[in-house]
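Shown next, in C-alpha cells, is the structure this report addresses.
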Amino acid sequence: MDSTHVSATPLSLALVGNPNCGKTALFNRLTGARQKVANYAGATVERKEGFFVLPSGRHVRVLDLPGAYSLSATSPDEAVTRDVCLGQHPDEQRPDLLLCVADATNLRLHLRFVLELRRLGRPMVLALNMADAAERRGIRIDAKALEQELGFPVIETIAVRKHGTAALLAALDGRLPGPAEPLPEGTDLHAETRRLLAAAVSMPSPTNPTDAAIDRWVLHPVLGLAILAAVMLVVFQSVYAWAGPFSDGIEAGVGALGEWISSTLPEGMLSSLLVDGVIAGVGGVLVFLPQILILFFFILLLEESGYLPRAAFLLDRFMVGAGLSGRAFIPMLSSFACAIPGIMATRSIPNPRDRFLTILVAPMMTCSARLPVYALLIGAFIPDRMVGGIFNLQGLTLFGLYMAGILGALVVAWVARLMGKRASDEQALMLEIPAWRLPNAKDVLLGLKERGMIFLRRAGTLILAISIVLWVLSTFPTPPEDWARPAIEYSFAGRIGHALAFFFEPIGFNWQICVALIPGLAAREVAVAGLASVYAIAGADEANTEQILATALHNEWTLATAFSLLAWYVFAPQCMATLAVVRRETSSWRATAIWAGLLTALAYGAAFLTYHLTAALT
Amino acid sequence: MNLYALLEPAIVTLLVVFGLWLSLRKVAPRLSMRLGEASRKAGLAPAIANRVFGPPPARNSACGTCCGCDKGGSQSKPMIHRH
C-alpha cells in the first residue's frame, strides 16, 4: 500500500442506502478498512470516512453513512444521512457523488429510497449489491434496462467478494455521471418502484422457500423462544466445554513464567514486582482469552447468519411489555460485546425518554469484560459437574448470570414505565428480517481477531499499568519490624481497602475485594488482576500465583460473598469509558449522575439481598 | 554489594514510572492531554510533550476527551486499487 500520493482534495462520494444493504461491507472492500459488518439493520450509527485510490490514480474520499429508509429522518442516525445528502451537515461538505447501495434481493423496498434520492438531482451511481444472492434466488435484473429507466449508471456488486467491486471501480474511474434527472413533482414513489420492477426485474418468488421454511420454525411464538433458549444454552455450555484445555495451557504457561522468574531472580523488590504484580495481574486476566473468543465466535456466527434480527422479533413483545422501545433491541444486543457501542446505538431511538431508558438498561447486558470476573468466581465456587446428564453446572450458572442481566433490565424498564408517562409517539419495532446467509469464514475470523486483539491490547497496556500501580500500593509503605499482621494490611492498598470496607461490609465484601473494585472502574476485568495481585502479594511465599488466587477465594470467601460479588457485577456501575460515553450521548452531567447513581443503588441492593439470602440458606 | 543489588532499585523505579505513565495515558486521557497542554505552555518542546502526554486532539476528532463533538472517529488509510 502506498499512501504518499494522496491528493488533498479527492473526489468525495457518500455510500447511502437502506439499512443492511451492505454499505459497510462495500466501504470495507473499497477502502481496505475493517469496520464492523453485521447481518442486521443499524450496525452503523455514525458516518465513517475512508480513502481509496482508483486504478487511474484518482483519489476518492468515501463516507459510510448510517442506513436510512427515507430522507424524512426520525432518529439521530438517519438525520446524519439526510443532512449529508442534502448538504446541510455543519461539518461535512456535500458529496460529489451519491453511491446508492441497494440489496438486489429486495429491490421492492430499496428502490423507493433510491428514487427519493434521485429527487435531490445529484450525480448518482446505483450499486446493486448481493447480486450473487439475487441470482441464486432466480431474480433476474436487467441492469442496462434499469439504468436506462433511472438515467444513471447501475452496477452489480458483491461486496463480500474480492473482485466483486471491479465493475464499480471501473465505472468510478471513467467519466462521472451528471446530476440525476429529478422525478416530476407529485410522482408516487411506490408506483414508480412497481413500474421499474416490471420493466427490469423478474422475480420467481418474493421469498426464498428455504428461508420461509426455516422461519416457520424459528419465528414461531412458542417454538421460536424454545430454539432461542436452546441456542443460548449451547453457547454458554460451549464456553466452558471448549475453553478448558486452552485456558489450562495459558495458565500453565503463565505459572511456568512466574516460577522461572522466581527461581532466576533473587528474592526482592524486582522479583515481587514481576511475579506478584505483572504476571499475577496480566496473567490472571489472560487465562480468560479462550472463553471470550469462544463467546464471540458464536455471537459472530449468529450475527452473520441473520438469526439476531429474528431473535429481536421474538423478544419484542417482552421488551414492549416491559416499557422499552422496539428499537432498544440492537443497543441491548451490542452491549453484550461492550456497553459503549450499545449506548451509541441508542441514536436510532428518536424519543429522548425511551433513549435514556435504553441507555440506563443496556449496560446491564453482560459485556465481555465481565466474563473474566464471572469465570473466576464460577470456577472457584461452582463444582464442575453435569446436571441431567447433558448440562455442565458451571455453564448453567453463566447462563443464569446472563439471564439475570436481561431480566434485571426488563424489570427496571417496567418499573420506569410504572413511574413515568409513556411517550405518545411510541415507536414500534420496524425491523427488516434479512435473508439467511451462510456465515462468511473470513468475516468471522476477522471479527475474532479484532476481539482478541482488543483483549490482548488491554492486557498489555491498561491491565499491565494498573497491575504495576496496584503492586506499588500493596507493597508500600513497608511495615515496621514489630508488625504482626500481613504486610499488605499496612500498605496504602490495605488502608484504602479497610476504609472502603465500612461501606461494603453489609454486602459481604472484604477489604481485598474493595481494593480490587477500584481498578475495576477502569475496566471490569482489571478487578480480576487486582484480586490476583492483592492475594499474590499476601501469599508471596507461594510460587504459582494462579493457584494462590483460586485457593484464596475458596478458603477466605464464603459462598454468600462470592454470590454477592457476582450480583454486584451483574448490575455494577460501568467502567469510566462507559461513563464518558453516557455523558457524550446525553450531553448532560445530571443525566450521567442519575444513570451512575441508579446503577450503583441497583448493584448494591442486588448484592445486599443476594448476600443475606445466601448466608441464611447456607 | 553486587551489580544486581545496585541495579534493582533503578529497574523497579523505571518500571513503576512506566506503569504510572501508562496508567495516566490509559485511565485518565483527559488529564494527560491537559498536562500536555500545560507542559507545552510551560516551554517543553512540543515533540517531547506529544510523546509523553499524547498529541493535542484535533477539533471534532471524537477523541472522547471533551464530549463536545459527534464526528465518527474512524478513518481508514488509503487503499490503492490497481489494474
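Annotations for the structure displayed:
- Area projected by the alpha carbon convex hull of the stretch A:11-206, averaged over all directions, nm²: 10.4 nm²
- Counting only Cβ charges, +1 for Lys and Arg and -1 for Asp and Glu, the dipole size of chain A around its Cα centre is about 1620 debye.
- Selection among A:PHE356, A:LEU398, A:PRO479 by position relative to the dipole of chain A gives A:PHE356 as farthest towards the positive end (Cβ unit charges, Cα centre).
- Extension gain, A:LEU223 back to A:TYR490 (0.36 nm per residue minus Cα-Cα distance, nm): 90.2 nm
- Proximity of backbone amide H atoms, modeled 1.01 Å from N, is registered between A:PHE51 and A:VAL62, B:SER76, B:MET79 at under 5 Å, excluding neighbours fewer than 5 places apart on the same chain.
- Kirkwood hydrodynamic radius over Cα pairs of chain A, then Stokes diffusion coefficient at 10 °C and 1.306 mPa s, in µm²/s: 59 µm²/s
- In angstrom, the C-alpha Rg and Dmax of the stretch A:235-339 are 20.8, 64.
- Counting Cβ atoms of other protein chains within 10 Å of each Cβ in A:49-61 and taking the mean gives 4.
- For the stretch A:206-248, pairs of C-alpha atoms spaced more than 17 angstrom apart make up 52 percent of the total.
- With both labels modelled 7 Å from their Cα along Cα-to-Cβ, the A:ASP188 to A:MET386 distance reads 6.4 nm.
- Shielding score for A:455-467, defined as the mean number of other chain Cβ atoms within 10 Å: 3
- Theoretical ellipticity at 222 nm over chain A - DSSP helices of four or more residues, -39500 (n - 2.57) apiece, nearest 500: -18000 deg cm²/dmol
- Calculated FRET efficiency for the pair A:ALA213/A:ALA170, C-beta based, R₀ 35 Å, to 0.05: 0.35
- Residue among A:GLY17, A:PRO123, A:THR81 farthest towards the positive dipole end of the stretch A:11-206, charges placed on Cβ: A:GLY17
- Label-point gap, in nm, between A:TRP483 and A:ARG317 - each point 7 angstrom along Cα→Cβ: 6.3 nm
- Under the Debye formula (equal points on every Cα, no solvent term), log10 I(q)/I(0) of the stretch A:438-518 at q = 0.15 Å⁻¹: -0.68
- Peptide packing: for A:233-240, A:135-142, A:88-95, the average count of neighbouring Cβ atoms within 10 Å per residue gives the ranking A:233-240, A:135-142, A:88-95, highest mean first.
- For peptide A:469-475, the mean count of partner chain Cβ atoms within 10 Å of a residue's Cβ comes to 3.
- Length gained on full extension, A:MET576 to A:ILE261: 110.0 nm, using 0.36 nm per residue less the C-alpha separation.
- Put simply, the Cα atoms of the stretch A:66-124 extend 35, 26, 15 Å along their principal axes, the longest span coming first.
- Modelled FRET efficiency - R0 35 Å, A:ARG417 with A:LEU109, Cβ distances, 0.05 increments: 0.65
- Count Lys and Arg as plus one, Asp and Glu as minus one, and take only other residues whose Cβ is under 13 Å from that of A:LEU146; the net charge is then -1.
- Debye, to nearest 20: dipole size of the stretch A:165-217, +1 on Lys, Arg Cβ, -1 on Asp, Glu Cβ: 160 debye
- Peptides A:260-270, A:464-474, A:70-80 ordered by average Cβ neighbours within 10 Å, highest first: A:464-474, A:70-80, A:260-270
- Computed across the stretch A:159-280, the Kirkwood radius stands at 23.1 Å (inverse of mean 1/r, all Cα pairs).
- Electrostatic tally near B:LEU44: other residues with Cβ closer than 11 Å to its Cβ, Lys and Arg +1, Asp and Glu -1, net +2.
- In this Cβ point-charge picture (+1 for Lys and Arg, -1 for Asp and Glu), the stretch A:11-206 has a dipole of about 520 debye about its Cα centre.
- Entries of A:LYS23/A:LYS144; A:LYS449/B:LYS26; A:LYS48/B:LYS26; A:LYS48/A:LYS162; A:LYS449/B:LYS41; A:LYS144/A:LYS442 with Cα pairs more than 30 Å apart: A:LYS449/B:LYS41; A:LYS144/A:LYS442
- Rounded to the nearest 10 Å², the accessible area of A:TYR307 at probe 1.4 Å: 10 Å²
- For the stretch A:308-420, accessible area per residue (1.4 Å probe, heavy atoms of protein chains only), Å²: 32 Å²
- Selected from A:LEU270, A:LEU302, A:TYR611, residue furthest toward positive end of dipole (chain A; charges at beta carbon): A:LEU302
The values are calculated or read from the model by the stated rules, or taken from the named source; none is laboratory data. A quick note: this is a predicted structure, and the numbers were derived from the prediction, not measured. For neighbour counting, all protein chains shown are included, and Cβ atoms are generated from backbone atoms with ideal geometry for every residue, glycine included. Surface areas here come from the heavy atoms of the whole protein model, side chains and all, with no ligands, DNA or RNA. Shrake-Rupley method; radii C 1.70, N 1.55, O 1.52, S 1.80 Å.
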